[in-house]
1. Taking 8 Å as the Cα distance limit and 6 or more residues as the minimum spacing, I'd like the relative contact order of the chain as a percentage.
2. Place a +1 charge on the Cβ of each Lys and Arg in region 26-276 and a -1 charge on the Cβ of each Asp and Glu, then give the dipole magnitude about the Cα centre in debye, rounded to the nearest 20.
3. Taking 41 Å as R0, compute the FRET efficiency from the Cβ-Cβ separation of SER163 and ASP295 and round it to 0.05.
4. Which whole-Hz couplings ³J(HN,Hα) result when phi for each residue of region 320-328 is put into the Karplus expression 6.51 cos²θ - 1.76 cosθ + 1.60, θ = phi - 60°, listed in order with x for Gly and Pro?
5. For labels at GLU100 and TYR240 in the simple 7 Å Cα→Cβ model, what's the distance in nm?
6. Project the alpha carbons of region 63-105 onto their principal axes and report the range along each, largest first, in whole Å.
7. With +1 on the Cβ of every Lys and Arg and -1 on the Cβ of every Asp and Glu, and nothing else charged, how large is the dipole of region 155-245 about its Cα centre, in debye rounded to the nearest 20?
8. With each run of n ≥ 4 DSSP H residues scored as -39500 (n - 2.57), what mean residue ellipticity at 222 nm is computed for the chain after dividing by its residue count and rounding to the nearest 500 deg cm²/dmol?
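The values are calculated or read from the model by the stated rules, or taken from the named source; none is laboratory data. Remember, it's a predicted structure, so these values are computed and weren't measured experimentally. Quick reminder, even Gly has a Cβ in these numbers, built from the backbone with ideal geometry, and neighbours come from all protein chains shown. Only protein heavy atoms, including side chains, enter the accessible area calculation; ligands, DNA and RNA are left aside. Shrake-Rupley method; radii C 1.70, N 1.55, O 1.52, S 1.80 Å.
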Amino acid sequence: MKINLKKSPSKNSRLNKVEVEKASSKSLNVEDLTKVFSKGQGFAKSTIAAVNKVSFSLDLDRPEIFTLAGESGSGKSTVAKLILGFETATSGRIRYKGEEITDLKGKKEFMRDVQPVFQNPFETFNPLKKIDTYLYETEKNFKMAETDRDQLVEKSLELVGLSLAEIKGKYPSEMSGGQLQRTSIARALITDPSLLITDEPVSMIDASLRMSIINLFKRLKEEQEVGIIYITHDLATAYYVSDRIAIMLRGQIVEMGSVEKVLDNPLHPYTQLLKASIPAPNPASKWESDIALSDLEAKEFSQRGCKFSGRCPKVQAICKECEPENYKVEDRDVKCHLYK
Ligand SMILES: Nc1ncnc2c1ncn2[C@@H]1O[C@H](COP(=O)(O)OP(=O)(O)OP(=O)(O)O)[C@@H](O)[C@H]1O
Ligand SMILES: [Mg+2]
């Protein structure tokens, strides 16, 4: 059952034919999205395509949990930032309901419909600010139709298993990481979004509380019809919670399909390697343009042909020369010459 945050009818209830047709175009299309960054300084200066011709589509009327997984530095967060408008694309496009988001007139509608949940709840909230103010501010920014603000805030807190009484007047230091992350999700739900973009949402949370947040995402999808882009290193939670998964390597999606297909029977040698062992996140390597790339990163980002060819146990001569296309194999896309 969906608790309705807005006064309008729920997304799937009693829509007339015209509304159904209009609603059915509610999609997010990412097409050949590319972001080039400069890295390092002086002689060590180089450019990398942190996101390199990434394409995928989400039908926001059929909510799903879509996971972006891959090693540190594969470009997952940059994809999220590009969609949320925190970074500008070098090329490619992002369309929402058929319109490019950069020239979307109803940009506020997009921002209301697509909400972020950040990795570190301790950084999301200013330590000197009471946390309930974030919910009220979001309500005010988006001028939600709900007349009773307390009721709206209460309803969105209820969806994450909290109540206004529990958080009212509290500072971040008075709450646990799990409660803060729930509050951060409640804040995102104030606008009744169609999509949450969550970047490593449980990595900073006590291990014992992680599954409750993961289950919350599952419930939000199933009961509130909220789609989720879930970014993670953790293939176990990805397998548990996702519908589809895209495996990223050096800025590219190398395998994408239903999570069962991709993780039960990975076809790309890189997905096979990831499944065998996935390195832990390296927070120090992120965002900092002046931190030089590791030798392996630099080599793979600039590698002609397949970015994985230097590490691939099934490498062929063509892999080092030509970039593989995306091949449709066993109901998924695989970017690998083996499947030509
Ligand atoms: N603002 C920036 N300036 C320069 N380089 C950047 C910037 N942001 C990201 N990068 C680089 O782009 C590449 C991809 O980074 P990104 O943070 O998107 O990867 P990620 O997959 O999210 O990694 P992690 O799993 O560690 O969070 C990395 O080499 C990173 O250092
Ligand atoms: Mg990241």
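1. 22 percent
2. 720 debye
3. FRET efficiency, SER163 to ASP295: 0.20.
4. Result, rounded to whole Hz: 7, 9, 10, 5, x, 7, 8, 9, 8.
5. 4.1 nm
6. 35, 28, 15
7. In total the dipole reaches around 140 debye.
8. Theoretical 222 nm ellipticity from helices: -9000 deg cm²/dmol.
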